[in-house]
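Comments concern the structure below.
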Amino acid sequence: MKTTNDNQTEIIAQVTAVHKDLFEINCEKGNGFARVKRGHYDLEEEIYPTTGDYVAIDWQGKDHSIILRTLTRSSALSRMDSTEGREQMIAANFDYIFILQSLNHDFNPRRLERYLTLGWQSGGVPIVLLTKTDQIEEYSDQLAEAQEIAIGTEVYPISAVTSEGLAELEQYLQPKKTVVLVGSSGVGKSTLINRLLGKEIMETQAVRENDSRGRHTTSHRQLFTLDNGAKIIDTPGMREVGMWDVSKGLEQTFADVEAYFGNCKFKDCHHQSEPGCAVKEALANGELAPERWESYLKLLEEAQFTNDKTAYLQKKEAWLKDLSKSVRKMNIRR
Ligand SMILES: Nc1nc2c(ncn2[C@@H]2O[C@H](COP(=O)(O)OP(=O)(O)O)[C@@H](O)[C@H]2O)c(=O)[nH]1
Ligand SMILES: [Mg+2]
């Protein structure tokens, strides 16, 4: 605890949930609610807190604390929100990202590549969980396909019903470690959290039998602490997994693809029609699957578009700010 000049008692808290502009926090004083200090957060001098963020607060009792600063993040997961055209933060300060896909309906290698890219980009380590093994007799093909895509990481088939694979997750759920769960609605994120907590904390959903999709039950992101001190963050299902700045994530997710680039005859090869292109050769001899190459190009293109669009929006925003300033000046003079 630190007392600042103006007699504020500043302590460090962790944000455990975000409800619009109200933040659930946990600190040495216990759990409470806080709001951000107006002014410097509005001016975007401070990064708006998300679930998992450590923040400096002025403790004003259980329900009225003020968040003064957001501390530097060790990792952060974000996606592009295309309806709002801006980056949406999902969680911060985690060590692992559990990417869940259910074997009965949700398994989708291309979407998995997308999640892996976001995962590697975040600064945490993505781990793939193929859920609901009890719902399907044979899943060796999906497992092999997922393992092939999940370069440099692990894939675990699990079931919350039979407990298959759950023991293997313990190596990640260690004291001082934080795991964030992501994946489509209905894949079993909240059910897994309830299993790990040993109680029904997160509400789970009744799934429609035909397509295994349900309503969005988990409406916000919430951080829980397991008995051993491990932390786990539940998230609502994402309708779409839009790419943000993912250059690093692409490099890791598609390490097999990018490995060919150095072998092209020309350094600046575009891998289209140049002679001596290693990618073209790998595609021709079946070493590189065409779907994987297309997936890489698609995500690359999407990321570049997103980046350009962001730059465009920022410029436009700055221009509007300037405009409103000059309008204000004009009004004052009048
Ligand atoms: N058969 C089976 N059903 C599961 C399993 N895990 C979750 N479910 C069911 O799938 C539905 C969606 O689970 P939920 O945890 O709410 O998914 P979320 O949207 O990812 O949080 C619920 O009806 C769960 O009971 C599993 O391992 N096996
Ligand atoms: Mg849920």
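The values are calculated or read from the model by the stated rules, or taken from the named source; none is laboratory data. Computed from a predicted model, the values in this text were never measured in an experiment. Here the Cβ positions follow ideal geometry from the backbone for every residue, glycine too, while neighbour counts run over all protein chains shown.
Those residues that are surrounded by fewer than 19 Cβ atoms within 10 Å (Cβ to Cβ) and in contact (Cβ under 8 Å) with a residue 12 or more places away in the chain, I need them from region 74-89; list them, please. Before you say what the answer is, go through the steps one by one.
The first filter runs over region 74-89 and keeps only residues surrounded by fewer than 19 Cβ atoms within 10 Å (Cβ to Cβ), leaving 74, 81-88.
Matches in region 74-89: Ser74, Asp81, Ser82, Gly85, Arg86, Glu87.
Being hydrophobic (A, V, I, L, M, F, W, C), at pLDDT 70 or above, over 17 Å from Thr191 (Cβ atoms) and away from ligand 1 (no atom under 14 Å from the Cβ) is true for just one of Met238, Met243. Which residue is that? Lay out the reasoning, then the answer.
On the way: Met238 fails: away from ligand 1 (no atom under 14 Å from the Cβ).
After ruling out the rest, the residue left standing is Met243.
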**Message:** For Ser78, only one of the following conditions fails: (1) modelled with pLDDT under 95; (2) among the small types (Gly, Ala, Ser); (3) in contact with a Gly (Cβ under 9 Å, 6 or more places away or on another chain). What is its number?
**Reply:** (3)
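Is it fair to say Leu71 is surrounded by fewer than 17 Cβ atoms within 10 Å (Cβ to Cβ) and modelled with pLDDT under 90?
Working: surrounded by fewer than 17 Cβ atoms within 10 Å (Cβ to Cβ): yes; modelled with pLDDT under 90: no.
Here the answer is no, as Leu71 does not meet what is asked.
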**region 240-288, residues that are free of Cβ contacts under 8 Å to residues at least 24 places away in the same chain and either at positive phi or within 15 Å of the chain's Cα centre (by Cα) (or both)** = His271, Gly276, Gly286
**Message:** touching a Pro at 6+ places or on another chain (Cβ under 9 Å), assigned by TED's automatic domain parsing to the domain that holds Val187 and touching a residue at least 60 places away in the same chain (Cβ under 8 Å): is that true of Ile97 in this structure?
**Reply:** yes
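Test of understanding: among Leu103, Leu68, Leu22, which residue is without any contact (Cβ under 8 Å) to a residue 24 or more places away in the chain and in contact with a Lys or Arg (Cβ under 7 Å, 6 or more places away or on another chain)? First the steps, then the outcome.
Details: Leu103 fails: without any contact (Cβ under 8 Å) to a residue 24 or more places away in the chain; Leu68 fails: without any contact (Cβ under 8 Å) to a residue 24 or more places away in the chain.
Matching residue, one of Leu103, Leu68, Leu22: Leu22.
Looking only at region 90-139, filter to residues that are charged (D, E, K, R) and under 12 Å from the mean Cα position of the chain (by Cα); which one of those is surrounded by the most Cβ atoms within 10 Å (Cβ to Cβ)? If you could, list the steps in order and put the result at the bottom.
Of region 90-139, the ones charged (D, E, K, R) are 95, 106, 110-111, 113-114, 132, 134, 137-138.
Restricting the remaining residues to those that are under 12 Å from the mean Cα position of the chain (by Cα) gives 95, 114.
Details: Asp95: 18, Arg114: 24.
Checked region 90-139; the qualifying residue surrounded by the most Cβ atoms within 10 Å (Cβ to Cβ) is Arg114.
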**Prompt:** Quick check: is even one residue across region 303-315 modelled with pLDDT under 70, over 19 Å from the mean Cα position of the chain (by Cα), loosely packed, with under 12 Cβ neighbours inside 10 Å and acidic (Asp, Glu)?
**Reply:** yes
**Request:** Please go through region 69-78 and pick out each residue that is of a type in the set (Gly, Ala, Ser) and not in a loop (DSSP other than H, G, I, E, B).
**Result:** Ala76, Ser78
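Looking only at region 139-159, decide whether some residue is within 16 Å of ligand 2 (Cβ to nearest atom) and either among the hydroxyl-bearing types (Ser, Thr, Tyr) or touching a residue at least 60 places away in the same chain (Cβ under 8 Å) (or both).
Within region 139-159, the subset within 16 Å of ligand 2 (Cβ to nearest atom) is 158.
Adding the requirement that they be either among the hydroxyl-bearing types (Ser, Thr, Tyr) or touching a residue at least 60 places away in the same chain (Cβ under 8 Å) (or both) leaves none.
Scanning region 139-159, I find no residue that is within 16 Å of ligand 2 (Cβ to nearest atom) and either among the hydroxyl-bearing types (Ser, Thr, Tyr) or touching a residue at least 60 places away in the same chain (Cβ under 8 Å) (or both), so the answer is no.
Against the condition within 16 Å of ligand 1 (Cβ to nearest atom), under 20 Å from Leu197 (Cα atoms) and acidic (Asp, Glu), how does Glu137 come out, does it pass? Let's see the steps before the verdict.
Working: within 16 Å of ligand 1 (Cβ to nearest atom): yes; under 20 Å from Leu197 (Cα atoms): no; acidic (Asp, Glu): yes.
It is false that Glu137 is within 16 Å of ligand 1 (Cβ to nearest atom), under 20 Å from Leu197 (Cα atoms) and acidic (Asp, Glu).
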**Of the criteria (1) within 23 Å of Val161 (Cα to Cα); (2) away from ligand 2 (no atom under 16 Å from the Cβ), which one Gln101 fails** = (2)
